[in-house]
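What follows is a single structure, written as structure tokens, with notes after it.
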Amino acid sequence: MTAPADDHTPQALEDDNLLTVDGLALRVQVSARRRRFALTVEADAGLTLHAPQGRSAADAADFVRAHRTWLVSRRALRERARPLNPAKRLVEGEVFRYLGRTYRLAVVGDGLGDDRVRLVAGRLIISRALAEDMALGRAALVDWYCRAGHAWVTERLQPWAARMSVPEPVVDVCDLGSRWGAYRSGEASRASDHMSLGWPLFQLPMHLIDYVIAHELAHARIPGHGVRFWRLVGQALPEYEERRMELDELGRRMWMGEIV
Ligand SMILES: [Zn+2]
């Protein structure tokens, strides 16, 4: 004889369950310490329901329904800000951007005596040995962006510094993680000021790199991002707000160095 199914015992939520409520999918996290339900929208726009132990799926669904409007609007906000950075493959024809234009990768046979990436006749040239080693290939590409970006910004810096009446800082192009730029005042040590720009910035069109240059140079006079800071940026670049928004929007679609 089998035990009769007990239809009246509500099914308890378990950790890592996937709960679907009126088309919303939520990952369940059960915690013994928790007393109440709670909801979070993760950075990747995923939804999490935090639940106390022993609560039923029906209770959880009621809670989610009661907060549906908040969840949906919150998720939409996250979706808009979500990074969409693509990964690249080190294969013939892969597309890379530089100063807003696209260049295809050309993988060439060895024996060139060159372990650097070069831009020749509209193609980014990489040796087969580099292309076949993800870490070395990535490093060679990042190195190319650093060198090319540095040469470009060196030319560009002087007019901006003059326009903003600030001394020209020492500039370097390097890996700044997800930041586009950083500014360090040399005043205390009587050294020159130092401006760093992240290499992925140089994938963007020139007018957006200009915005970052103007932004960082404004920090030569005003640290922080207060009203006076933005007024100064606005004097040098009246359309800075549009550029800042465009940078946010385009920036999250740029390659940040991930190779697959
Ligand atoms: Zn800043």
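The values are calculated or read from the model by the stated rules, or taken from the named source; none is laboratory data. Please read all numbers here as calculations on a predicted model, not as lab measurements. Here Cβ is always computed from backbone atoms with ideal geometry, including for glycine, and neighbour counts include all displayed protein chains.
Is it fair to say VAL30 is in a strand (DSSP E or B), out of contact with any helix residue (DSSP H, G or I) (no Cβ under 7 Å at 6 or more places or on another chain) and farther than 20 Å from TYR145 by Cα?
yes
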Practice prompt. For segment 218-238, state whether one or more residues are in contact (Cβ under 8 Å) with a residue 24 or more places away in the chain, within 14 Å of the ligand (Cβ to nearest atom), closer than 30 Å to GLU258 by Cα and of a type outside the set (Phe, Trp, Tyr).
Written response: no
Fill in: Which listed residue is farther than 16 Å from ASP22 by Cα, without any contact (Cβ under 8 Å) to a residue 40 or more places away in the chain and not basic (Lys, Arg), from PHE63, PHE37
PHE37
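Within segment 239-256, track down each residue that is farther than 17 Å from ARG179 by Cα and either touching a residue at least 40 places away in the same chain (Cβ under 8 Å) or away from the ligand (no atom under 14 Å from the Cβ) (or both).
Correct list: GLU239, GLU241, GLU242.
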Worksheet entry | Among the candidates VAL153, VAL120, VAL171, VAL212, residue that is of a type outside the set (Lys, Arg), away from the ligand (no atom under 16 Å from the Cβ) and modelled with pLDDT of 95 or more | VAL153
